[in-house]
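Okay, structure first, notes after.
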Amino acid sequence: MSLSDFELEVMQLFWVHKEASAPQIHKLIEQKRAVKYTTVKTIIDRLEKKHSLKRSRTEGRTIFYAPISEKQTVSTPLIKEFINKVFLGKSRPLAAHILEEEELTLEDIEYLETLLKERKKDLK
């Protein structure tokens, strides 16, 4: 599924909040940048047509939406595309960048170590 940057931004909010109305999403986005309500509503309508969102309930005239697609379903192809574009399809430079350049907590490092141990088991 192909999503624009703005559609992805809106989906991120739905993944965090699980359910929201267009006015609620508009208020959240408006905290970061100026955007009209109609623009946000148009994006929500597009996401509904793309089967990323569904109408979950109504309260009076207010429609609430919930995500249909899981974050991983959307993020995995985007990450693969990023690796292809930026690192020519090689994941090692990305992993090295994360380890060398990003500020990782001890918890982050322990999580990565756990993933690596699991991966090693799968290769044996």
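The values are calculated or read from the model by the stated rules, or taken from the named source; none is laboratory data. Everything numeric in this text was worked out from a predicted model, so none of it was measured. Methodologically, a virtual Cβ is constructed for each residue, glycine included, from the backbone with ideal geometry; neighbour enumeration extends over all protein chains shown. When the accessible area is computed, the model is the full protein with side chains, heavy atoms only, and any ligands, DNA or RNA have been set aside. Shrake-Rupley method; radii C 1.70, N 1.55, O 1.52, S 1.80 Å.
Structure summary
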| item | result |
| --- | --- |
| Square roots of 5 times each gyration tensor eigenvalue, C-alpha, the chain, largest first, Å | 35, 16, 15 |
| Reachable lysines, given that their alpha-carbon falls under 24 Å from the alpha-carbon of Lys50 and they are not under 8 places away in the same chain | Lys18, Lys27, Lys36, Lys41, Lys71, Lys80 |
| Spacing of the two label points (7 Å from each Cα toward its C-beta) at Glu102 and Val86, in nm | 0.9 |
| Rounded Å value of the spacing that divides the Cα centres of segment 83-101 and segment 41-72 | 34 |
| Thr76 accessible area, assembled protein chains, probe 1.4 Å, Å² | 50 |
| Ratio Rg/Rh, restricted to segment 71-123 and using Cα atoms, in which Rh is the Kirkwood radius | 1.00 |
| Surface per residue (accessible, 1.4 Å probe) for the chain, Å² | 77 |
| Among Ile83, Ile109, Tyr37 - extreme Cα towards positive end, dipole of the chain, charges at beta-carbon | Tyr37 |
| Value of Rg to Rh for segment 5-67 (Rh from inverse mean 1/r over Cα pairs, i.e. Kirkwood) | 0.92 |
| Eligible lysines near Lys124 by straight Cα distance, threshold 23 Å, same-chain separation 8 or greater | Lys90 |
| Rounded percent of accessible protein surface that carbon and sulfur make up, the chain, 1.4 Å probe | 54 |
